[in-house]
1. Exposure proxy check: B:Phe330, B:Phe576, B:Phe360, A:Phe108 ranked by fewest other beta carbons within 10 Å?
2. As a check on your grasp of the helix formula, calculate [θ] at 222 nm for chain B: sum -39500 (n - 2.57) over DSSP H runs of n ≥ 4, divide by the residue count, round to the nearest 500.
3. Rounded to the nearest 20 Debye, what is the dipole magnitude of the range B:383-434 about its Cα centre when Lys and Arg each give +1 and Asp and Glu each give -1 at the C-beta?
4. Considering only Cα-Cα distances, which of the following residue pairs are longer than 20 Å: A:Lys45/B:Lys586; B:Lys89/B:Lys181; B:Lys150/B:Lys181; B:Lys89/B:Lys176?
5. Report the extension gain between B:Ser159 and B:Ser431 in nm, rounded to one decimal, defined as 0.36 nm multiplied by the number of residues separating them, less their alpha carbon distance.
6. Tell me the net charge near B:His214. Cut-off is 13 Å between Cβ atoms, B:His214 excluded, with +1 for each Lys or Arg and -1 for each Asp or Glu.
7. Taking the Cα centre of the range B:490-588 as the origin, how large is its charge dipole in debye, to the nearest 20, when only Lys and Arg (+1) and Asp and Glu (-1) carry charge on their Cβ atoms?
8. Describe numerically, in nm with one decimal, the distance between label points set 7 Å from Cα along Cα→Cβ at B:Thr60 and at B:Glu438.
Amino acid sequence: MATTSRALEVTIISGEGLRVDRRRPVKKNAFVVVRTNSQNSRSTKADFDGGSFPVWNEKLVVDMPAHTRFLTVEVRCKVNSGVKVVGTAKIPASDFVGGYFPPNYLHFLSYRLRDSGGERNGIINLSVRVKGTENVIGAATCAAAAASSSRPWVGGSTVVGKVSGGIVTGVPVWMA
Amino acid sequence: MGACCSDVRGGQQAVGGGAQQRSQATSNAAAAAGGGGGGTGPNDAVDFFYRTKGVQALFTQIELSLSASKLLDRDIISKSDPMAVIYAKKRDGSLEELGRTEVIMNCLDPVWIEKINVAYQFEIVQPLIFHVYDVDTSYHKLPAKMLKLKDQEFLGEASCVLSEIVTKQNRSLTLKLHNKKGQVGLRNLGTITVHAEETIASRNAVEIAFRCSHLDNKDLFSKSDPFLRISRIVESGGSVPICKTEVVNNNLNPIWKPLTLTMQQFGSKDNPLILECFDFNSSGNHVLIGKIQKSIVDLEKLHKEKIGANFVLPSSRHHTHEKVLKGQLFVDHFSERKLYSFLDYISSGFELNFMVAVDFTASNGNPHSRDSLHYIDPTGRLNAYQQAIMEVGEVIQFYDSDRRFPAWGFGGRTYEGSVSHCFNLNGSAGSFEVEGVEGIMAAYASALRSVTLAGPTLFGQVINTAADIAGHSISCTNSKYFVLLIITDGVLTDLEETKNALVRASDLPLSVLIVGVGGADFKQMEILDADNGERLESSTGRIATRDIVQFVPMREVHGGQISIVQALLEELPGQFLTYMRTRDIKPQTATTPASAPPQDHPYVV
């Protein structure tokens, strides 16, 4: 597993069904803050007319230090008195890092947002790409795949079961 | 009770310019990013299957445009917000929804833009039922598909037979609306007009961005709120609206978001299109600011030469005289796109790889008993599973080039003694593949002899195994798509685990087709096949990127309601295309080599 810090290219696409105070739909000026830890965070511009179904389509690049377990995505909205947190989603790094995905694979992900009280508050749609760095599976495994004709993979699985937030550990076993 | 205030934001939305197929479920991450998903219209996967067997399609694809007049006014302060739904009446009297239009705000004489596609089959009678509803809830940003009809106000019903519309000279039929009991009743409920046109399956699309300058001011205290509506002239002389832009408030020099128009919508590039600019009024009475007649070719010229075209306003007094206005229309962006179809990908070398999983749970019944779904009849009559494998196999063998299918069983107790939720059907420890449909049948028969039916019914492990295979293949190539067929007798024991597995697999090149045999109540399966628009949510808070499930009850196939080919392949092209388009993966042409190592078997189309 690579131990260097990596760059995450996160494109915040859109949000659905956002509410303020559990009742009123968000009127406008919702924006998203993405962070991997307290030092690495980025935010999008505010969407001024999307209301509770805002569309941002904005790409943010945020650093992900080694052993980061979550990518936190928070939707906030500007109100008269300041900024309110609409909802948060914690995305386990294992959902887009490691395993069998090739490097630079574009993951399209969607998550349930929960407000400060833990209640469900809408959905966030985004895409994530891990920039650079090598991955567990390299060119060698593809060559082996070609050699065994139509059977690219036989053996134990890597990403199974409930994700508790840890980065995936596991290497597929090859039985040629 | 009608709503006091109609959904103004809903009424101001753009309609028809997104080049998206209505059959797609709610906007999801993948579709939002790709800006176009779903199928390309008539199911070309099914057509192709029939055509290669020499069965010419005995139907043509028809597009229905709807309009209504003198609708009942249900809302108190404003007018009704009507939406129309078309149903096909099946042989047993039940109604199957074919499609719905968008919601038009505050209008008792709506002309809907969204079209509904119907296959016009020459040799059977196709009764259609039309329902018009007054939409009560806020529909801004909510796809029309998600509106629950029973919560809306019913405005009227009409019925006819499809051939009645198609055989009329102007292809239009006007019907009186009546209430559900069939009587016209004391109150005049208005009329609905249906217009039919053949659809042209074409993969050409045009993306245009419009802008205007110096528009006339039609509002008293502020400026106009302009939007554009584009209509196509039809043979009979009238015009049919194909799309409208969103409304830009308070602006006499508006810039609208780009529209994508498919050739299906504009006909041909030389077809004259009428572009009308209206001032939006929340009362529903939009005032015409001006109109222009241009074809797609003319619009391309406007873009190239960077000039504007003046709007004209037909004068009410002198019918031949049109007043030329100062307002001008500009085309800021014009580009052509190709929306590749499912067959474009398949014929260019993209492979579909099928995998099969068979249910070995005890709910099927003891295989030695004649009532069991797994009973092997010595006279050779096929049981429900064998029938399903044979019928489904014919389709999958056609699209899977190498005829090697991973085959598993689940819910059975193998010779090892413990219950397995994913064991190789061929009984071998290492390899899970069988050769051809006959290989699946042989492995199934031999597994029945050595495996004891147990339970519970869990799909999770099979789905995870299939997802692992799909996931591993994307490291090497992006031209393989996997389809997992689960043949089951019914009721899932652990819906949560299955949902989790499906959500995890939703971003992979994988579709899951669940075939239901036997007489069980398959209501749960309909939750998994998220056709009602509800996206699947896992227990960790992750939501499915796209709908990858399609459910087919064999009971309906054998009842003659649908053909197995149609049922199986209905959503597959759409799910496949959504995956490819959002990642901008194009069909491989002769010049661009595949990203995979060269395939060692010739692809037979």
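Rule-based calculations on the coordinates, nothing more; no lab input. Bear in mind that the values here come from a model prediction, so they are computed numbers and not experimental data. Cβ atoms come from the backbone with ideal geometry, glycine included; neighbour counts cover every protein chain shown.
1. Going from sparsest to densest Cβ surroundings: B:Phe330, B:Phe576, A:Phe108, B:Phe360.
2. Roughly -6000 deg cm²/dmol at 222 nm, from the helical runs in chain B.
3. Rounded to the nearest 20 debye, it is 160 debye.
4. Table pairs above 20 Å Cα-Cα are A:Lys45/B:Lys586.
5. Numbers: separation 272, 0.36 × 272 = 97.92 nm, distance 5.62 nm.
Separation in residues times 0.36 nm, less the Cα-Cα distance, equals 92.3 nm.
6. Around B:His214, the surrounding residues sum to +2.
7. 380
8. 4.3
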